[in-house]
Amino acid sequence: LAFKMAEEVVYGVYGSLEPERAAEQAIRTGTAILTDGVTAAHIHGIARVAIKRGREGSHLAIYFAGPMRSAGGTEQALVVVLGDYVRRILGLEAWRASEEEIGRFLEELRLYEREVGRFQYHVSDETIRFVLKNLPVEVTGIKTDPIEVSTFRDIPGIETNALRGGALRVVNDGIAGRASKTRSISSVVVHLPRLNLSEPCACS
């Protein structure tokens, strides 16, 4: 239901929206369904959704905030799967993380563990690197803590040098921590029938 509702939003069943606005509304609506509307994830956990221009073309980026942790790890990961579904409907390129972006994320993750708090799972650097290299949607976030990284600073496309706790938690506890469950659901989503419309989407 979450994925089909998101698809209908993108295709303009409830009114035509420009692509970036359609993507954000689709992901927020789908997230509300995934979490049964009992957490603040879809309202406060997703700060914004953007279509960004990168090295490979335009890709989708989801900005997470601290309250994302009010949703479970599986739901956190499925928000990214939902984002990838929306990305493919919109015809956007897959995000490809640079070595700088991966290094920044790893530095940030370990700094968060030392200075702020532990995650539900301890995930190795190798696993985090593998996840980031294969994510088709950019998982980023807004500043959630005043602590800043010291090595990978001022990375193009990352608007803050401070910790992005929501993004860290989504990747570590959601995508990596709940990988087996997320993978099984993702394989079903890939084969969902699309709406039979003549145009690729009804975005303006």
Give the accessible surface of the chain per residue, rounded to a whole number of Å², with probe radius 1.4 Å and ligands, DNA and RNA excluded.
46
Calculate, for Ser150 and Ser16, the FRET efficiency according to 1/(1 + (r/R0)^6) with r their C-beta to C-beta distance and R0 41 Å; round to the nearest 0.05.
0.35
What is the sum of charges, Lys and Arg at +1 and Asp and Glu at -1, for the other residues whose Cβ falls under 15 Å from the Cβ of Gly83?
-1
Relative contact order (percent) for the chain, with alpha-carbon contacts under 8 angstrom and 6 or more residues of separation?
27
Does the stretch 1-73 classify as rounded, prolate or oblate by the C-alpha gyration tensor (a ≥ b ≥ c root eigenvalues; a/c under 1.5 gives rounded; else a/b over b/c gives prolate, otherwise oblate)?
oblate
Where is the GNM fluctuation largest for the chain (alpha-carbon springs, 10 angstrom cutoff): His59, His44, His122?
His122
Gain in span if fully extended, Tyr121 to Glu159, counting 0.36 nm per residue against the direct Cα distance:
11.0 nm
Considering only protein heavy atoms, what is the solvent-accessible area of Glu107 at a probe of 1.4 Å, reported in Å² to the nearest 10?
40
The chain: Cα Rg divided by the 2.2 N^0.38 Å rule of thumb
0.98
Just from its helices, what would the mean residue ellipticity at 222 nm be for the chain, if runs of 4 or more DSSP H residues each count -39500 (n - 2.57) and the sum is divided by every residue, rounded to the nearest 500 deg cm²/dmol?
-13000 deg cm²/dmol
Using a Gaussian network model of the chain whose springs link C-alpha atoms within less than 10 Å, name the residue from Gln76, Gln25, Gln120 with the highest mean-square fluctuation.
Gln120
About the Cα centre of the chain, what is the dipole size in debye to 20, counting +1 per Lys and Arg Cβ and -1 per Asp and Glu Cβ, all else neutral?
300
For the stretch 38-54, Karplus-derived ³J(HN,Hα) couplings (6.51, -1.76, 1.60; θ = phi - 60°; whole Hz; x for glycine and proline) come out as 9, 10, 8, 4, 6, 9, 9, x, 9, 6, 6, 10, 9, 9, 10, 8, x
Out of Gly103, Gly165, Gly66, a Gaussian network model of the chain with alpha-carbon springs under 10 Å gives the largest mean-square fluctuation to Gly103
Of Leu1, Leu109, which has the most accessible area and how do the rest follow, probe 1.4 Å?
Leu1, Leu109
Counting only protein heavy atoms with a 1.4 Å probe and every protein chain in place, the carbon and sulfur fraction of the accessible surface of the chain in whole percent equals 52
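The values are calculated or read from the model by the stated rules, or taken from the named source; none is laboratory data. None of these values were measured; they are calculated from a predicted model. Backbone-built Cβ (ideal geometry, glycine too); neighbour counts: all protein chains shown. Heads up: the accessible areas ignore ligands, DNA and RNA and are worked out on the full protein's heavy atoms, side chains in. Shrake-Rupley method; radii C 1.70, N 1.55, O 1.52, S 1.80 Å.
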